[in-house]
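Let me begin by presenting the structure, written as structure tokens, before commenting on it.
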Ligand code: NAD
Ligand code: UDP
Ligand code: UDP
């Protein structure tokens with residue numbers, strides 16, 4: 001079944017489908033009438049994230065590591081497998097690069113054999129600590145190739161190279177999105193990312209750990225908006241390859257984020273300032289003109305609203321732990 005304007009009756013592979021973004025994407029694709037094969041090695045994902053989908057006959061969960069070849073028959077592939085939070089991707093940096101690079105080669109080989117469309121979850125980290133602000137897709141980035149973030153940043157950059165070489169060399173229909181900081185329900189409480197960390201600290205009344213002076217910025221996208229964008233990107237015509245920035249262009253300092261979370265949780269937590277991690281980007285905001293024009297999409301959920309949803313999720317989750 002050719003993938004044109006609809007997912008209905010198509011079989012879609014989602015690698016990293018038991019992760020934070022992947023589990024929301026699986027849900028969305030099922031709701032659009034697709035059959036979904038979710039591949040995950042559960043390194044940072046969790047079976048709890050997809051437990052509610054397991055009884056759906058159109059959903060299949062498969063334990064597999066994408067650094068090994070995979071033989072399945074599908075119409076399209078979303079390649080999301082890769083740890084995304086700094087503490088997770090730095091835990092086993094060699095495996096992180098292998099997942100990005102060998103994982104991309106295997107999924108591209110699979111797509112090539114099948115003639116299937118393939119989406120790559122790339123990242124704003126390809127811009128490194130950017131010297132151009134906001135970041136347009138044309139910017140080549142400012143990335144340290146040998147630092148502690150390099151396994152992730154350079155792994156994702158090499159994956160982009162592979163995608164564009166398969167497109168040039170084998171005419172593979174590719175879709176590359178550069179995802180900016182995304183948050184929402186099903187982030188892991190202990191993953192060290194700023195939104196989940198601050199919310200958990202605020203709910204527990206623990207000190208809020210601001211790295212550096214808290215004046216560094218990020219632009220936060222709610223997961224529903226992000227999933228909407230990448231689901232639309234896969235259905236664009238074959239001339240659209242990306243890379244396309246997806247995220248939210250409302251930019252906040254980390255200190256502002258901390259203050260919002262304290263307010264929305266009604267917490268007594270105080271800010272404590274810790275040293276800045278190595279190579280921590282100072283500013284980040286997507287230029288979204290391409291996404292708006294090509295996808296007829298823009299993010300709808302404001303940070304305040306998204307934080308309230310996410311806080312409600314963490315309140316429920318922490319009670320269970
Ligand atoms: P996540 O860690 O929750 O999800 C990643 C999933 O990939 C997990 O379920 C993990 O178990 C799985 N995985 C890791 N290595 C694997 C392997 N070798 N084989 C099979 N599965 C493997 O992270 P997320 O935030 O949902 O990120 C999903 C994708 O989006 C990642 O590729 C990430 O780089 C990208 N991304 C995320 C953000 C963000 O802000 N969340 C920003 C930019 C890019
Ligand atoms: N591959 C896979 N599933 C497939 C087809 C290929 O996992 O259905 C893997 C295969 O193991 C190979 C990689 O994808 O290592 C790249 O495949 P490609 O055909 O591009 O290269 P080649 O096999 O010629 O090295
Ligand atoms: N950060 C922080 N305290 C934390 C976790 C993160 O101040 O407990 C900061 C971090 O230094 C960075 C920003 O928040 O400047 C976003 O960090 P995150 O790891 O969520 O994402 P990334 O750096 O990959 O954008």
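Which order, highest average first, do 177-189, 54-66, 258-270, 92-104 follow once you tally other Cβ atoms within 10 Å for each residue and take the mean per peptide?
177-189, 92-104, 258-270, 54-66
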In percent, what relative contact order does the chain have, based on Cα pairs under 8 Å that are 6 or more apart in sequence?
17
Sum of -39500 (n - 2.57) over DSSP H runs of 4+, divided by residues of the chain (222 nm, nearest 500)
-12000 deg cm²/dmol
Mind running the shape call on segment 1-125? Use the C-alpha gyration tensor, a ≥ b ≥ c as the square roots of the eigenvalues: rounded below 1.5 for a/c, prolate if a/b tops b/c, oblate otherwise.
oblate
Quick one: Debye curve from the C-alpha atoms of the chain, no solvent, what's log10 I(q)/I(0) at q = 0.10, 0.12, 0.14 Å⁻¹?
-0.53, -0.79, -1.10
If I model a spin label at residue 112 and residue 94 as a point 7 Å from the Cα along the Cα→Cβ vector, what separation in nanometres do I get?
2.6
Cα centroid separation, segment 213-246 to segment 269-321 (Å):
13
One finds, for residue 51 and residue 259 with R0 = 45 angstrom and r their Cβ-Cβ distance, a FRET efficiency to the nearest 0.05 of 0.85
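Listing 256, 125 from the residue with the fewest other Cβ atoms within 10 Å to the one with the most, what is the order?
Fewest to most other Cβ atoms nearby, the residues stand as 256, 125.
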Tilt relative to the chain, helix 303-320 - C-alpha long axis, 0 to 90 degrees, to 10
90
Percent antiparallel among DSSP beta bridges (both partners in the chain, rounded to 5):
10
How big is the Cα convex hull of segment 132-217 in projection, averaged over all directions, in nm²?
8.2
What angle, in degrees between 0 and 90 and rounded to the nearest 10, separates the Cα long axis of helix 194-204 from the longest principal axis of the Cα atoms of the chain?
50
With the Cα gyration tensor of segment 252-321 in hand, convert its eigenvalues to equivalent ellipsoid semi-axes via √(5λ) and list them largest first in whole Å.
27, 21, 12
Once you wrap a convex hull around the alpha carbon atoms of segment 192-278, what is its projected area averaged over all directions, in nm²?
7.0
Compute the angle between helix 93-114 and the longest alpha-carbon principal axis of the chain, please, reported from 0 to 90 degrees and rounded to the nearest 10.
30
Relative exposure of 213, 225, judged by other C-beta atoms within 10 Å (fewest first)
213, 225
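Values quoted throughout were computed directly from the atomic coordinates according to the rules given, and no laboratory measurement underlies them. On a predicted model such as this, the values are computed, not experimentally measured, just so you know. Cβ: placed from backbone, ideal geometry, glycine included. Neighbour counts: every protein chain shown.
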